[in-house]
1. In a shell of Cβ-Cβ distance under 15 Å around Ala55, excluding Ala55 itself, what net charge do Lys and Arg (+1) and Asp and Glu (-1) give?
2. Given R₀ = 22 Å, FRET efficiency for His44-Met101 by Cβ-Cβ distance, to 0.05?
3. Can you list residues whose amide H is under 5 Å from Thr26's amide H, if they're 5+ apart or on another chain and H is modeled 1.01 Å from N?
4. Can you tell me the orientation of helix 116-135 relative to the chain, as the angle in degrees between its alpha-carbon axis and the longest Cα principal axis, to the nearest 10?
5. Count charges around Phe81 for me, please; just the other residues with Cβ under 11 Å from its Cβ, Lys/Arg as +1, Asp/Glu as -1.
6. Below 14 angstrom from the Cβ of Cys160, what's the summed charge of the other residues (Lys, Arg +1; Asp, Glu -1)?
7. Using the heavy atoms of the protein chains alone and a 1.4 angstrom probe, what is the accessible area of segment 83-186 per residue in square angstrom?
8. Whole number please: convex hull volume per residue, Cα atoms of segment 17-92, in Å³.
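The values are calculated or read from the model by the stated rules, or taken from the named source; none is laboratory data. All values derive from a computational prediction rather than experimental measurement. In this analysis, Cβ positions are derived from the backbone assuming ideal geometry, glycine residues included, and neighbour counts consider all displayed protein chains. Surface areas here come from the heavy atoms of the whole protein model, side chains and all, with no ligands, DNA or RNA. Shrake-Rupley method; radii C 1.70, N 1.55, O 1.52, S 1.80 Å.
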Amino acid sequence: MSASTMPLGQLLDAIHFAAFKHRAQTRMDAAKTPYINHPIGVAHILLHEGGVDDAATLMGAILHDTVEDTDTSLAEIEERFGPEVCRIVKECTDDKTLPKMERKRLQIETAPHKSHKAKLVKLADKIYNMRDMQTNPPVDWTRERCIEYFAWGQKVTDGCKGTNAKLEGILDGIYAQGPFGNADKH
C-alpha cells in the first residue's frame, strides 16, 4: 500500500495541497500569520480537542477554504481526495458570487442542515477564528466589527448544536469570555 492510499498519507497529501494553494495568503492579524496555519489549526482542534479522528473530516478541515479562497475547484478536490471529502468542503464553502451579508445570512440559515462532518469542521473553524479574534484580531477591524463577528459566529454555531459536546463546550466558554477574552474582564 502506498503512502497516499493510507489515511495518514492522504492527510499529508491534503496538507501539502492546501499549503501550496494558500502559499501567498496571510491572516489579517498584525503579524500577518501564514494562512495555512488556520486550516491546520482547525484539523488540530478536531483531533486533539474534539476527539475527531475520521480521516475525511480532518482532510475536509485542511481543505475547507481552498475552493472559497484560492483557484481550486470542487472537481479538483473530488479528483484528488474523493467524493466524501469534496462534499465536506462544498458544505463549508461560501458562494463568493453573493454579497458578503447574504453569505453570512446563509451560513446561519444552512448550518442546521449540514452533514455531521461539515458541522464538525464548522465548529472547529469557529473555535479557531474566535480564539484568534480574542488574541490576534484583524488589524483594520473596529471594536464594533469584532463584536458583530462574534455574535454572528455564535448564531452559526448554534445551528450546529448536538454535533460534538466537547467542541460545543469550548465554544460556550469562548462566547462567555466575549470577543476580547479576558482583556474585557479587567
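1. Details: positive: Arg80, Arg87, Lys117; negative: Asp13, Asp53, Asp54, Glu84.
Cβ neighbours under 15 Å give a net charge of -1.
2. Working: r = 31 Å, r/R0 = 1.40.
Efficiency for this residue pair is about 0.10.
3. The answer is Tyr35.
4. Approximately 50 degrees, to the nearest 10.
5. Working: positive: Arg80, Arg87; negative: Asp13, Glu76, Glu78, Glu79, Glu84.
Within the 11 Å Cβ shell, the charges total -3.
6. Values: positive: Lys114, Lys117, Lys119, Lys122, Lys126, Lys155, Lys161, Lys166; negative: Glu91, Glu109, Asp125, Asp158, Glu168, Asp172.
Overall, the nearby charge balance is +2.
7. On the way: 5440 Å² over 104 residues.
Dividing the accessible area of segment 83-186 by its residue count gives 52 Å².
8. Values: hull volume 6.4 nm³, N = 76.
Measuring per residue, one finds 85 Å³ for the Cα hull of segment 17-92.
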